[in-house]
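Reading through the structure tokens given below for one structure.
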2 protein chains.
Amino acid sequence: MKNLEVCFTPDLLTYYPPEGKIVVVIDIFRATTTMVTALANGIESITPVASLEECKALQNQGYLAAAEREGKMPEGFDLGNSPLSHIEQDFSGQKLAMTTSNGTLAITKSKTADQIIIGAFINISAVIQYLQGQSNDILLLCAGWKGRVNMEDSLFAGAVAHTLASEVTIANDAAVMALHLYQTHQENMAGFLKDGLHYHRLQRLGRSEDIEFCLKKDVYDLLPIYQQGILMAKAESI
Amino acid sequence: MKNLEVCFTPDLLTYYPPEGKIVVVIDIFRATTTMVTALANGIESITPVASLEECKALQNQGYLAAAEREGKMPEGFDLGNSPLSHIEQDFSGQKLAMTTSNGTLAITKSKTADQIIIGAFINISAVIQYLQGQSNDILLLCAGWKGRVNMEDSLFAGAVAHTLASEVTIANDAAVMALHLYQTHQENMAGFLKDGLHYHRLQRLGRSEDIEFCLKKDVYDLLPIYQQGILMAKAESI
């Protein structure tokens, strides 16, 4: 059986080398949820970049530019990091450049992986179906919050581990912990997450609707795949 | 209220600066369990050191020398890392030098803390009573396994958080996760931990009796405190 590991933050990635594996990058609140939503609502491709400057440079080349720092949109960008902003407006056919506190960094750090895909509750079945069709070992990489462990990404990792449990070897302690947390709290994820720091941060910023959306399962039947610096929807995988 | 944070591995300590805090170093399988047992059974003091060479050097000066690598005792030392070895023999009045894969490193990395104490299930009430009597913020530092998160140290952190929950602010997501894991599995800790990698490692090495001992609560009413490079029992704290 193939292995399934969970890495709670990109800071610990050194212990789980991505080489040969499929890495699922997870940033539930909100980067990976927003990536899935953007591609499902007409955005042609997403270029994740590390810095605000790189994002600006692409904006100057005609990209739509989304940026987030401390949960907010810095000045001079087209979009922040709310998935709902991609539903409310029509950006069809545009290319999106994106920089966020955690999610884009997690992608950059995984570049040696065999494949990188994007996971969120809103596309969880697409993620799981894709993983089931591949023979590679699986690394569920939680983006965390500025290097710290967070609950919402761990919970999603647990949800994936839960569904795949009979088909994979749960191969590290973090995966067992995530699995148990999900199994205990799957019926009331919001209730569990309300004690989380980022949940509070988003609530303070008036983003309760974002939270609600980020915890919906299978809103979209779409899997973003990262190749040559760009995320695009792999529609035929579903 | 004072804050209680959990750090899942010393590799993430940079996000939880120990300054001004009481750090509880946790290495359930087996370093901190062994430290408590050694001091409870007559060892006068413990000098934790990082390398086998430093441990050897102290052995040459007359210290009893305990060493562990990969769960086993390297050649030429007096003791490995089994807590039971301190019950079976009489080492009363001796000074112990000790180097282990994870626990001693966690102590070394916490040196900027206001206070460092040693926690294990076998002295959990002594740990909690001491924390209750101090005004400092609390950092529960899991030693982990070579930088990786492990279940048994996280579970102990959750047990401490559970008992203190009404008196402290649970101040980071790792603490909430540990708390929930403990609350779910407190009645069957061994059942939960049997899926953990280090549990398996110890079983393979024939150390099932060690595991059983390491999960007993309150075998000793003793708190090891680290001061000026040495661990000694703070008997009067109980």
query: Taking the alpha-carbon centroid of each part, what is the distance from the range B:145-172 to the range A:1-48 in angstrom?
result: 27
message: Which residues among the range B:79-113 fall inside the zone where the amide N is under 19 Å from a point 7 Å beyond the Cα of A:Asn3, along Cα→Cβ?
response: none
task: Kindly list the residues of the range A:152-174 that lie in the label zone of B:Thr184, defined by a backbone N under 17 Å from the point 7 Å along the Cα-to-C-beta vector.
output: A:152-166, A:170-174
- prompt: Once every DSSP H run of n ≥ 4 in chain A is given -39500 (n - 2.57) and the sum is divided by its residues, what mean residue ellipticity at 222 nm do you get, rounded to the nearest 500 deg cm²/dmol?
  reply: -10000 deg cm²/dmol
- request: Report, as an integer, the average count of C-beta atoms from other chains found within 10 Å of each Cβ along A:196-205.
  value: 1
query: How many Å² of accessible area per residue for the range B:2-228, probe 1.4 Å?
result: 35
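Roughly how crowded by other chains is peptide B:187-194, in terms of the mean Cβ count from those chains within 10 Å of each of its Cβ atoms?
Details: counts 0, 0, 0, 0, 0, 3, 2, 1.
Counting other chains' Cβ atoms within 10 Å and averaging over B:187-194 gives 1.
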- line: In the range A:139-169, the residues losing 50 Å² or more of accessible area (1.4 Å probe, heavy atoms of protein chains only) relative to their chain alone are A:Arg148, A:Val149, A:Met151
statement: A:Ile230 and B:Ser135 label points (each 7 Å along its Cα→Cβ direction) are spaced in nm at 6.1
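About its Cα centre, what dipole magnitude does the protein assembly as shown give when the only charges are +1 on Lys and Arg Cβ and -1 on Asp and Glu Cβ, stated in debye to the nearest 20? Intermediate values should be presented prior to the final figure.
On the way: 36 positive and 54 negative charges, 73 e Å.
Around 360 debye, computed over the protein assembly as shown.
Using a 1.4 Å probe on the protein heavy atoms, what percent of the accessible area of the range B:1-98 belongs to carbon and sulfur? Could you put the intermediate results ahead of the total?
Details: 1650 of 3580 Å².
So the carbon and sulfur contribution to the accessible surface is 46 percent.
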statement: Normalised Cα Rg of the range B:2-228, dividing by 2.2 N^0.38 Å with N its residue count, works out at 0.94
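Listed highest first by mean packing, meaning other Cβ atoms within 10 Å per residue, what order do B:196-203, B:106-113 come in? Walk me through the numbers on the way to the answer.
Values: B:196-203: 18.1, B:106-113: 20.0.
In decreasing order of mean packing, B:196-203, B:106-113 become B:106-113, B:196-203.
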- request: With r as the distance between the Cβ atoms of A:Glu167 and B:Lys72 and R0 = 35 Å, compute the FRET efficiency 1/(1 + (r/R0)^6) and round to 0.05.
  value: 0.55
Accessible area buried at the B-A interface, both sides summed, 1.4 Å probe (Å², nearest 100): 2400
message: For the rotation taking chain B to chain A, which residue of B has the Cβ nearest the axis, and how many Å away is it?
response: B:Thr184, 2
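The values are calculated or read from the model by the stated rules, or taken from the named source; none is laboratory data. Just so you know, these numbers come straight off a predicted model, no measurement behind them. We place every Cβ from the backbone using ideal geometry, glycine too, and count neighbours over all the protein chains shown. With ligands, DNA and RNA removed, areas are computed over all heavy atoms of the protein, side chains included. Shrake-Rupley method; radii C 1.70, N 1.55, O 1.52, S 1.80 Å.
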